[in-house]
1. Can you list which of the DSSP-assigned H helices in chain B have a Cα extent of 24 Å or more along the long axis and an average Kyte-Doolittle score of at least -1.0?
2. With θ set to phi - 60° and the Karplus curve 6.51 cos²θ - 1.76 cosθ + 1.60, what are the ³J(HN,Hα) couplings of the stretch B:216-226 in order, to the nearest whole Hz, using x for Gly and Pro?
3. Below 8 Å, C-alpha to C-alpha, sequence gap of six or more: please give me the relative contact order for chain B in percent.
4. Using Cα pairs under 8 angstrom and six or more residues apart, how large is the relative contact order of chain A, in percent?
5. Report the percentage of all Cα-Cα pairs in chain A whose separation exceeds 42 Å, rounded to a whole percent.
6. First select every other residue whose beta carbon is under 12 angstrom from the beta carbon of A:G318; then total the charges, Lys and Arg +1, Asp and Glu -1.
7. Find the relative contact order for the stretch A:268-508 and round it to a whole percent, using C-alpha pairs within less than 8 Å whose residues are 6+ positions apart.
8. Just check the stretch A:64-106 against the gyration tensor rule for me: Cα atoms, a ≥ b ≥ c as the square roots of the eigenvalues, rounded for a/c under 1.5, and otherwise prolate or oblate depending on whether a/b exceeds b/c.
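What follows draws every value from the coordinates through simple rules; no lab data is involved. Model, not experiment: these values are computed from the prediction. In this analysis, Cβ positions are derived from the backbone assuming ideal geometry, glycine residues included, and neighbour counts consider all displayed protein chains.
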Amino acid sequence: MIRRVCLVLVLTLVSCCPSFVSAESASQSGGELHFCLHGEPKTFNPLLVEDGQSETVRYLTGGVLIRLNRQTQALEPALATSWKATPDGRTITFHLRTGLHFSDGTPFTSEDVAYTVKALMDPQLHSPTGDSFRSGDGQVSVQTPTADTITVTFPAPVAGLERLFDQVAILSAHSPKKEMAVLGPFYVADYSPGSYLLLRRNPNYWKKDKEGKPLPYLDSIRLDIQRNHDIEILRFRRGEIHIINSLDADLFDRLQKESPAAAHDAGPSLDSEFVWFNQVPTAAFPDYKKAWFRSTEFRKALSLAINRDDLARIVYAGHAQPAYGPISPANHFWFNSALPAPKYDSAAALRLLTQAGFRLEGETLRDASGNRVEFTLVTSTGNKPREQMVTMIQQDLSQIGIKVNMVTLDFPSLIERITRTFDYEACLLGFTNTDLDPNSQMNVWLSSAENHQWNPKQSKPATAWEAEIDRLMQSQASSTSDKKRKADWDRVQQIVFEQQPFIYLINRDAMSAISPTVIGSAPSVLDPHAFWNADVLRLGPDPSLGAQK
Amino acid sequence: MSPLQKTAAIILCAIFLLMVLATILVPAPYARQFRDAPNARPSTAHPLGTDALGRDSLSRLLYGTRVSLLLAPAAALLSTVIAALLGSAAGFLGGRFERIILAATDLSLALPWLFLLLTVRAMLPLDVPPMVSVVIAFLMMGLLGWQASVRVICAAARGVRDSDFLLLARSSGCKPARLLLCHVAPNLRTLFYAQFWISIPLFILTEANLSILGLGVMEPMASWGNLLRGFEDFSALGANPWRLVPLVLLVIVVMCFQLVLPSQEVTQ
């Protein structure tokens with residue numbers, strides 16, 4: 001009788017509190033997380049990933065030997081329980097977890113890692129991920145002494161070797177499903193081009209939570225292909241999607257007013273916006289302008305005359321930090337904190353210009369030959385923050401008598417001008433950085449590099465300071481000592497600060513939108529900001545939006 | 001002229017007057033940034049508030065009106081002249097010439113002009129002064145906006161070609177050029193006026209669209225086009241209704257032009 005009463009009581013409670021039950025079950029079983037991709041993933045082969053959409057799929061499905069914790073910025077064991085790199089930076093040995101299986105049930109062994117590394121370094125594959133490992137000519141040697149040990153030897157030292165393995169998703173050497181057999185938390189279950197991509201929970205995922213429960217918590221992730229950001233935020237408001245990985249300042253502010261709990265600003269990201277002057281000797285503008293742009297005093301003066309605080313406050317509504325160098329303060333290890341952060345000072349800028357032979361006549365700055373200081377600053381069409389920054393720079397520089405004309409160009413035309421014809425005077429663009437290790441910026445800082453924007457592809461360094469940067473970059477790339485590399489990089493940052501080849505403006509904050517229904521989120525400044533810990537995310541009840549799926 | 005048309009004409013005159021007196025009326029230079037007051041509400045210092053960079057919205061509206069309302073009629077005039085020449089000639093001469101002109105018009109209508117405009121912008125020297133760049137943008141609009149009018153004018157000219165008065169003139173020994181200029185064109189004048197008035201709002205809206213694409217008037221110059229870019233933040237309009245003023249003004253001007261138009265047809 002007592003049992004029957006208890007049963008009735010329980011059933012009554014259950015029927016009266018459906019939300020309690022659904023909340024509990026949802027938070028336990030995980031549910032289906034929804035968010036948007038801004039285009040089609042171009043490949044599901046993790047070794048061929050180039051675009052952001054494919055990178056998202058790789059991150060959510062790929063199993064890696066070492067994982068970079070996006071919050072602590074430390075390397076953590078993943079498929080490898082431990083690893084050791086030799087002091088010469090050429091060889092690394094991994095000890096692998098045993099008894100693991102790919103999503104289709106194929107066993108995981110060191111043979112799979114050997115297969116992946118060989119495929120990665122195959123010149124015929126042209127793997128963008130593999131390019132990061134190519135530091136010298138020669139073959140990569142792979143040895144698998146046991147089923148759970150593998151040693152990889154590269155022909156030349158590789159800077160930041162361990163960190164690079166965060167990008168290498170392990171493929172199965174034997175699975176008939178090839179790259180669709182994965183070791184990550186989810187696998188691709190369904191793909192409807194132009195519509196959606198469905199990732200389901202990988203039942204063979206190796207990771208467990210503290211209580212020993214298998215991860216991931218989520219049953220599935222549905223990635224809707226949606227290019228339009230306005231529609232994306234509209235769907236977020238309706239509760240149809242749970243995450244927007246990256247927001248601009250306008251959208252963030254709008255969202256923060258409507259739903260403060262959903263808007264997350266993780267602080268300054270690795271991304272930066274900057275201006276540079278064209279210093280290519282063959283550029284098609286008068287020689288006197290080339291002389292201005294080559295003058296360190298001119299560049300330093302202009303840097304001083306730009307009010308970065310106003311740019312961050314007005315253009316980014318406070319969701320950005322003034323930037324003074326190539327490494328963002330968000331990059332804890334590599335940032336040179338000893339560098340000063342000079343304040344906006346138009347009087348000091350004018351003094352510097354006077355020392356360099358310029359003179360202010362009324363409201364017009366003229367060079368020593370009497371030419372009016374005027375240049376055109378190009379940026380990309382349709383990028384509102386950049387256009388606003390140029391407009392603000394126009395007013396800042398007009399305070400010291402410099403006239404700036406703004407021209408916006410569609411992106412292909414802009415790229416054509418800055419990389420091929422060099423038919424421009426100054427440019428404002430941004431740099432999206434996903435890698436903490438500055439070695440990935442070799443293609444920017446080497447004077448022979450194509451992306452050495454102010455004067456690319458130099459046969460020999462045009463200036464002494466560029467020669468010194470070349471030497472330091474090569475030195476850090478061939479060193480395996482983080483201390484030595486950091487010292488080299490600190491010096492590079494100092495030279496860049498002194499010479500201002502790029503006038504850094506701001507570091508944008510990493511802003512994302514995460515529905516209050518998502519439990520376990522911890523937004524990070526590193527990409528992917530909002531779902532880097534997707535394996536521990538789950539869906540619960542929504543106290544404010546009532547948008548539980 | 002009906003009372004409604006008179007009202008429309010008065011409104012247009014008032015707007016043109018404000019535009020002419022913009023230099024005296026504006027509370028601040030249109031490009032000056034009051035950085036302590038971005039997105040400010042209307043006040044005595046800024047009667048229509050400020051934009052995202054702290055620039056006085058009333059000043060920008062008046063200067064923007066000047067740019068849009070001066071250059072749009074100029075572009076409309078250019079396109080109407082081209083359409084009148086081609087359409088009248090095609091309709092009057094007929095035969096192979098008419099077919100060639102109409103085929104060229106059809107081909108021209110089918111071309112993706114947006115890409116041409118993008119290409120022209122990309123090919124222009126970067127050191128072109130902003131005002132020259134604006135004039136080029138409107139010139140392009142004038143040069144590219146004649147196709148629809150050509151078809152209408154050609155059809156009307158075809159009707160005139162077979163009329164009795166033209167037969168009489170031809171039999172009197174009038175040469176084709178004189179027939180076209182002294183007999184055909186005056187009889188199509190009503191249509192030319194109509195096409196001109198219709199084109200003005202069209203070019204105002206085209207400039208607005210081009211500015212949104214970054215092809216029209218460049219910052220810091222103001223135009224209705226770049227003022228309308230503020231509507232990208234659509235959700236903010238509910239809380240800041242005064243930001244709708246440029247849109248309201250655009251709608252009023254376009255409506256007034258359309259209302260003024262029938263009076264031309266009646267009087268002719």
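1. Numbers: long enough: B:3-20 (25 Å, 1.99); B:57-93 (52 Å, 1.44); B:189-212 (35 Å, 0.97); B:245-267 (33 Å, 1.95).
In chain B, the long hydrophobic H runs are B:3-20, B:57-93, B:189-212, B:245-267.
2. Those phi angles translate into x, 7, 8, 4, x, 4, 9, 8, 4, x, 6 Hz.
3. Numbers: 335 pairs, mean separation 69.9, N = 268.
Result for chain B is 26 percent.
4. Working: 1118 pairs, mean separation 107.9, N = 549.
Normalised by residue count, the contact order of chain A is 20 percent.
5. Numbers: 44018 of 150426 pairs.
The share of Cα pairs beyond 42 Å in chain A comes to 29 percent.
6. Details: positive: A:R313, A:R508; negative: A:D253, A:D265, A:D309, A:D310, A:D509.
Around A:G318, the surrounding residues sum to -3.
7. On the way: 422 pairs, mean separation 81.7, N = 241.
That works out to 34 percent.
8. On the way: a/c = 2.90, a/b = 1.36, b/c = 2.13.
The shape class here is oblate.
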